[in-house]
Structures are given as structure tokens and as C-alpha cells.
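Just below is one structure, and these are the notes that go with it.
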Amino acid sequence: MTPVPASRALPALVRNGVLAALAASALTLAVLLGATGVGVPLGVSGPGETVLEIGAALVVTACVAGALGATLVLAALNAFARHPRRSFEVSALAVLALSLMPLLAGDLPAATAVSLGAMHLVAAAATMALLRPVARRSR
């Protein structure tokens, strides 16, 4: 893929950031619908006796927030990092790994943990796939 000229870099980053939020939301909602369609319980324990039900609004909010965060990180890396693309890939994979930790350490039913993990994976994949092309290779 050819590098994006500097004069078009910010509009391309914003466009791809919006597309990443939309794609991550759509794919994660598909996983949510599939999981709930086969009866997987998608509730996680909160503080005290509360149970947080994972629904469409929460999924879309998390995907948009994640894509926005990734877009802002990439903008900073493009401006200041010596190797923005590699730095973005490493940081995105680190955040993904950290996001999966509670699922591995928690006492969730296996089907719930797998479904939530799949949501994290598809959101990260969509976001990385759409933002990576607008990451500069190096300075």
C-alpha cells in the first residue's frame, strides 16, 4: 500500500477512524446477536450483587470509544513516533491482551467468556485493519 501524503493524512485518519468505529460496532453486534440467539448468558458480575447485562448499547458505546482511542493514539504516533505503524500494532495488541485478562481470570461460564472474547477480538481486528493503512511506516 502506498503511503498517504501528509496533506491528506488527517482526513484519511479521521475517515478510517469513523469506519473503524462502524465496522467494529457492526461485527461485535453480530457476535452479540449470535451469542444471545443460541442462549449464551451475557451478564457479568459488578460491584456487590449487581449484574451488568451486556447489550447492544453497551457494545456500540465500547466499540466507538475503543476506535476513538485507537485513532487518537495513532494520530499521536504518526506525529511523534519513529516507527508509527509498528508502535501502533504493538500497542493495539497489548491493549487487546489486557482487555482479555478479566475474561481469563474471572469466574464466567465458558460460553460467556468465549462470546465476550470473540467480541473483543472482532472489534480489535476491525479497528486495526482500518487504521493500519493510515499509519506511517517510519520517519
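Overview of values
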read-out: Pairs, first in contact (Cβ under 8 Å) with a residue 60 or more places away in the chain in region 35-50, second in a loop (DSSP other than H, G, I, E, B) and surrounded by 10 or more Cβ atoms within 10 Å (Cβ to Cβ), C-beta under 6 Å, six or more apart; value: 42/54
read-out: Failed criterion for residue 127 (all others in (1) closer than 21 Å to residue 11 by Cα; (2) more than 17 Å from the chain's Cα centre (by Cα); (3) among the polar types (S, T, N, Q) hold); value: (2)
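Every number here is computed from the coordinates shown, using simple stated rules; none is lab data. Bear in mind that the values here come from a model prediction, so they are computed numbers and not experimental data. Every residue, glycine as well, gets a Cβ built from its backbone with ideal geometry; the counts of neighbours run over all protein chains shown.
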